[in-house]
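Student: This is the structure, below, for whatever I ask next.
The values are calculated or read from the model by the stated rules, or taken from the named source; none is laboratory data. Treat the numbers as computed from the prediction; the structure is a model and nothing was measured. Counting neighbours? That spans all protein chains shown, and the Cβs are built from the backbone with ideal geometry, glycine included.
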């Protein structure tokens with residue numbers, strides 16, 4: 001119960017911070033870190049993937065509705081929430097059944113954590129920019145934006161993630 | 001039923017993902033004009049190509065019917081071509097052009113013997129009688145020999161005993177075209193008197209001396225000729241325009257005035 005409240009709180013806090021603070025940074029004119037996916041990164045791994053997919057969808061659509069964007073966040077969040085377990089087993093070299101309940105903890109090796117984080121952020125940003133531009137001819141622009149924004153997002157997400165880290169129980 | 005349910009449960013997450021994805025795309029297309037037009041373009045391209053495939057498939061099964069329609073149309077057009085070719089030579093009466101074409105399919109076509117025959121899929125039921133001319137889209141084929149109710153056989157122009165009345169397009173000097181059994185596109189033109197000038201490449205057309213073919217159908221061109229000093233006639237090798245060995249369809253020519261001509265010939 002305690003955990004649920006924590007997640008709900010996290011969910012709304014991240015959206016609010018994203019919309020009212022981070023979307024207005026515009027570093028170098030166009031860079032905004034998308035930190036709200038921290039929710040999907042730090043969310044627990046239980047065996048209920050459907051729940052995660054719904055949460056990802058809700059997260060994306062809330063952001064789209066509040067920030068008046070078209071729908072790119074919804075598709076990007078939905079996709080990474082669906083692919084999240086696959087990223088985890090790929091980054092941690094584990095089987096599905098061996099996934100820890102809480103991946104972001106002191107027990108997980110640093111390199112694995114960074115791998116998982118990078119996959120989540122990069123794929124999310126790539127889908128996001130791909131849908132925003134939706135033009136095969138601007139693929140270089142999409143990749144450039146994806147790359148720099150990924151860098152920026154990871155720089156912002158990493159310290160917060162370290163703060164959130166808990167001991168795996 | 002149980003199995004379907006099991007499969008559904010197994011891929012539950014994927015199905016949830018896909019349905020939510022569709023909803024998101026719908027949501028996206030509702031909110032952004034740019035994305036909507038992109039999705040519309042995509043769906044237009046998709047439905048366009050699907051319809052193209054469908055159209056092609058239907059077209060394929062339609063081919064027999066289409067072929068039939070084209071053949072009847074060609075039959076009608078062929079008569080105009082014959083009239084036109086006839087008019088090139090002399091101003092003849094278009095309305096009283098005495099020939100009519102009947103399209104037919106070649107069922108059997110030989111060209112390796114010295115006396116070759118064809119079998120066509122039209123018989124006296126279709127108004128075919130012996131001694132009608134048979135032409136292809138670009139040349140002569142033969143003369144009807146015998147008919148049954150549904151089929152007819154024709155003597156190919158590649159027949160040792162047949163002589164065709166032909167003439168030069170340029171000066172109307174006429175002679176006889178015959179086949180000596182060499183290659184199917186080579187014939188011999190005889191009986192051209194040496195007082196007529198001949199040069200290589202001259203076009204040979206059908207002459208109007210027989211009732212089989214209308215005047216003026218292009219037959220072939222002069223390939224080489226020999227002028228023997230002791231004789232008064234040329235030996236001319238003709239190269240045919242059409243390749244009889246590859247014909248699938250033919251037009252049988254009905255001469256409406258043939259009976260009259262025949263009667264006159266018999267009276268002589």
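Student: Among the residues of region A:35-57, how many are surrounded by fewer than 17 Cβ atoms within 10 Å (Cβ to Cβ) and within 12 Å of another protein chain (Cβ to nearest Cβ)?
Tutor: Residues flagged as surrounded by fewer than 17 Cβ atoms within 10 Å (Cβ to Cβ) and within 12 Å of another protein chain (Cβ to nearest Cβ) within region A:35-57 amount to 5.
Student: Follow-up question, since we're still on this one. In region A:132-158, how many are over 13 Å from residue A:117 (Cβ atoms) and part of a helix (DSSP H, G or I)? Walk me through how you get there before you give the answer.
Tutor: Within region A:132-158, the first condition is being over 13 Å from residue A:117 (Cβ atoms), and the residues that meet it are A:132-149, A:152.
From what is left, the residues that are part of a helix (DSSP H, G or I) are A:132-133, A:136-149, A:152.
Residues in region A:132-158 being over 13 Å from residue A:117 (Cβ atoms) and part of a helix (DSSP H, G or I): 17 in total.
Student: Can you tell which of B:6, B:13 is at the interface with chain A (Cβ under 10 Å from one of its Cβ atoms), modelled with pLDDT of 80 or more and more than 22 Å from residue A:130 (Cα to Cα)?
Tutor: Working: B:6 fails: at the interface with chain A (Cβ under 10 Å from one of its Cβ atoms).
Only one candidate qualifies: B:13.
Student: If I ask for residues that are surrounded by 13 or more Cβ atoms within 10 Å (Cβ to Cβ) and either under 14 Å from the mean Cα position of the chain (by Cα) or at pLDDT below 85 (or both), which ones from region A:134-157 would you list?
Tutor: A:134, A:138, A:146, A:149, A:150, A:151, A:152, A:153, A:154, A:156, A:157
Student: Criterion first (over 22 Å from residue A:78 (Cβ atoms), assigned to a helix (DSSP H, G or I) and either free of Cβ contacts under 8 Å to residues at least 24 places away in the same chain or facing another protein chain (nearest Cβ under 9 Å) (or both)) does residue B:53 satisfy it? Full working, then the answer.
Tutor: Numbers: over 22 Å from residue A:78 (Cβ atoms): yes; assigned to a helix (DSSP H, G or I): yes; either free of Cβ contacts under 8 Å to residues at least 24 places away in the same chain or facing another protein chain (nearest Cβ under 9 Å) (or both): yes.
In short, yes.
Student: Let me ask another. Regarding region B:61-68, can at least one residue be identified that is away from chain A (no Cβ under 14 Å), in a loop (DSSP other than H, G, I, E, B) and farther than 30 Å from residue B:208 by Cα?
Tutor: Taking region B:61-68 first, the residues away from chain A (no Cβ under 14 Å) are B:61-68.
Now restrict to residues that are in a loop (DSSP other than H, G, I, E, B): B:62.
Adding the requirement that they be farther than 30 Å from residue B:208 by Cα leaves B:62.
Yes, region B:61-68 contains a residue that is away from chain A (no Cβ under 14 Å), in a loop (DSSP other than H, G, I, E, B) and farther than 30 Å from residue B:208 by Cα.
Student: Just need a number here: residues in region A:26-57 that are more than 23 Å from residue A:114 (Cβ to Cβ) and either part of a loop (DSSP other than H, G, I, E, B) or under 15 Å from the mean Cα position of the chain (by Cα) (or both).
Tutor: Kept after step one, since they are more than 23 Å from residue A:114 (Cβ to Cβ), are these residues of region A:26-57: A:26, A:28-30, A:46-51, A:53-55, A:57.
Adding the requirement that they be either part of a loop (DSSP other than H, G, I, E, B) or under 15 Å from the mean Cα position of the chain (by Cα) (or both) leaves A:26, A:28-30, A:46-48, A:53-55, A:57.
The number of residues fulfilling the criteria is 11.
Student: Which one of these is farther than 20 Å from residue A:161 by Cα and in contact (Cβ under 8 Å) with a residue 40 or more places away in the chain: A:105, A:67?
Tutor: On the way: A:105 fails: farther than 20 Å from residue A:161 by Cα.
Just one listed residue meets the conditions, A:67.
Student: Please pick out the residue among B:181, B:127, B:133, B:103 that is surrounded by fewer than 17 Cβ atoms within 10 Å (Cβ to Cβ) and at pLDDT 85 or above.
Tutor: Numbers: B:181 fails: at pLDDT 85 or above; B:133 fails: surrounded by fewer than 17 Cβ atoms within 10 Å (Cβ to Cβ); B:103 fails: surrounded by fewer than 17 Cβ atoms within 10 Å (Cβ to Cβ).
One residue alone meets the criteria, B:127.
Student: Does region A:79-102 hold any residues that are outside any loop (DSSP other than H, G, I, E, B) and either loosely packed, with under 15 Cβ neighbours inside 10 Å or without any contact (Cβ under 8 Å) to a residue 12 or more places away in the chain (or both), and which are they? Break it down into steps so the answer makes sense when it comes.
Tutor: Quick first cut of region A:79-102, residues outside any loop (DSSP other than H, G, I, E, B) only: A:79-92, A:96-98.
Within region A:79-102, A:86, A:89, A:90, A:96, A:97, A:98 meet the criteria.
Student: Another question, then. Is it the case that some residue within region B:261-268 is out of contact with any helix residue (DSSP H, G or I) (no Cβ under 7 Å at 6 or more places or on another chain) and touching a residue at least 40 places away in the same chain (Cβ under 8 Å)? Break it down into steps so the answer makes sense when it comes.
Tutor: Let us first name the residues in region B:261-268 that are out of contact with any helix residue (DSSP H, G or I) (no Cβ under 7 Å at 6 or more places or on another chain), namely B:261-268.
Still in the running and touching a residue at least 40 places away in the same chain (Cβ under 8 Å): B:261-262.
Yes, because at least one residue in region B:261-268 is out of contact with any helix residue (DSSP H, G or I) (no Cβ under 7 Å at 6 or more places or on another chain) and touching a residue at least 40 places away in the same chain (Cβ under 8 Å).
Student: A further question follows. List, please: which pairs have Cβ atoms under 9 Å, are six or more places apart or on different chains, and start with a residue in region A:146-163 that is at positive phi and end with one that is in a helix (DSSP H, G or I) and surrounded by 18 or more Cβ atoms within 10 Å (Cβ to Cβ)?
Tutor: Listed by first residue and then by second, the contacts come to nothing, as the list is empty.
Student: Within region B:26-39, how many residues are within 17 Å of residue A:132 (Cβ to Cβ) and more than 7 Å from chain A (Cβ to nearest Cβ)? Let's see the steps before the verdict.
Tutor: At the first step, the residues of region B:26-39 found to be within 17 Å of residue A:132 (Cβ to Cβ) are B:27-39.
Still in the running and more than 7 Å from chain A (Cβ to nearest Cβ): B:29-30, B:33-34, B:36-37, B:39.
Final tally of qualifying residues: 7.
Student: Of the conditions (1) in contact with a strand residue (DSSP E or B) (Cβ under 8 Å, 6 or more places away or on another chain); (2) at pLDDT 80 or above, residue A:93 satisfies every one except a single condition; which number is it?
Tutor: (1)
Student: Return the residues of region B:195-221 that are more than 26 Å from residue B:78 (Cβ to Cβ) and outside any loop (DSSP other than H, G, I, E, B); say none if nothing qualifies.
Tutor: If the condition is that a residue be more than 26 Å from residue B:78 (Cβ to Cβ) and outside any loop (DSSP other than H, G, I, E, B), then no residue fits.
Student: Another question about this same structure. Every residue in region A:58-78 that is within 9 Å of chain B (Cβ to nearest Cβ), surrounded by fewer than 23 Cβ atoms within 10 Å (Cβ to Cβ) and outside any loop (DSSP other than H, G, I, E, B), please.
Tutor: A:61, A:64
Student: Would you say residue A:129 is in a helix (DSSP H, G or I), within 14 Å of another protein chain (Cβ to nearest Cβ) and either in contact (Cβ under 8 Å) with a residue 40 or more places away in the chain or farther than 18 Å from residue A:39 by Cα (or both)?
Tutor: Spelling it out, residue A:129 is indeed in a helix (DSSP H, G or I), within 14 Å of another protein chain (Cβ to nearest Cβ) and either in contact (Cβ under 8 Å) with a residue 40 or more places away in the chain or farther than 18 Å from residue A:39 by Cα (or both).
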